[in-house]
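Below is one structure, written out as structure tokens; the observations come after it.
The values are calculated or read from the model by the stated rules, or taken from the named source; none is laboratory data. Every value quoted in this text rests on a predicted model; they were computed, and no experiment measured them. Quick reminder, even Gly has a Cβ in these numbers, built from the backbone with ideal geometry, and neighbours come from all protein chains shown.
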Amino acid sequence: MYGCNAPVNPATALITVRPLPTMTISGNPIICESTSANFNITFTGTAPFNYSYFNGTSNVNGTTSTNPLTITVSPPVGTTTYTPVSIADQYCTGTALNGSSVVKVNPKPTATLFGNDTICVGSSSFIAIKFVGTPPFDYSYTTNGVSSGSLSSPVDSVSIPVAPNVNTTYALSTSISDANCSNSNINQSVYMKVTPIPTAAITGTNAICSGGSTNLTINFTGEAPL
């Protein structure tokens with residue numbers, strides 16, 4: 001038989017099996033209205049990471065080499081849940097999407113002051129405050145610029161008796177707070193007008209002849225009409 005015999009050399013191949021990347025969202029912060037919150041995204045795999053999460057309205061996409069990654073959000077009042085949507089690293093696309101972040105945003109408390117009134121000297125009236133929020137409410141008010149000091153109410157309505165002797169402006173402090181948040185944008189005041197008790201005095205000639213006449217004058221104090 002004619003022919004050639006070639007030597008057999010063994011061949012090798014190196015195959016690297018890379019694990020699929022994963023993405024985990026964590027963090028459940030509670031914040032106040034008009035502030036921001038953070039949640040974290042933790043990756044496994046080889047950076048850079050192409051990721052996507054759902055913010056309750058739409059998908060948010062990004063690329064990062066930071067691990068873990070901190071995301072800052074400013075959702076509206078209420079509860080917003082952030083969930084993972086997709087993850088890919090330098091080599092592979094992953095399917096393990098874990099966790100979520102529930103961000104609760106509490107509203108700022110508000111307050112309305114009632115009590116515009118007109119009273120007589122020596123009479124009494126009241127001013128009232130209506131709060132909206134979660135008790136207890138911490139507040140203060142001023143009487144013609146003089147502070148009441150720090151006050152607290154376990155309920156959402158407060159009635160305060162007053163008996164001013166002069167015209168008086170009552171104003172809520174610019175900042176109030178409830179069990180969750182504070183509000184430094186309060187601008188509420190009422191005006192209480194105090195009127196003096198009216199008087200009348202008659203003057204004139206008190207002795208006349210029979211058949212005669214005279215003029216009498218009545219002098220009033222107070223505010224017209226009387």
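Taken over the stretch 179-213, the criterion of being among the β-branched types (V, I, T), surrounded by 10 or more Cβ atoms within 10 Å (Cβ to Cβ) and more than 30 Å from F137 (Cβ to Cβ) is satisfied by T195, I197, T199, T203, T205, I208. Among the conditions (1) in the same structural domain as I186 (by TED's automatic domain parsing); (2) surrounded by 14 or more Cβ atoms within 10 Å (Cβ to Cβ), the only one that G122 does not satisfy is (2). When every residue of the stretch 47-62 is checked against the conditions, at least one turns out to be in contact with a Pro (Cβ under 9 Å, 6 or more places away or on another chain), part of a loop (DSSP other than H, G, I, E, B), closer than 14 Å to S100 by Cα and of a type in the set (G, A, S). Here the stretch 1-32 is the region considered, the condition is being surrounded by 11 or more Cβ atoms within 10 Å (Cβ to Cβ) and farther than 30 Å from V103 by Cβ, and the residue that is modelled with the highest pLDDT is P19.
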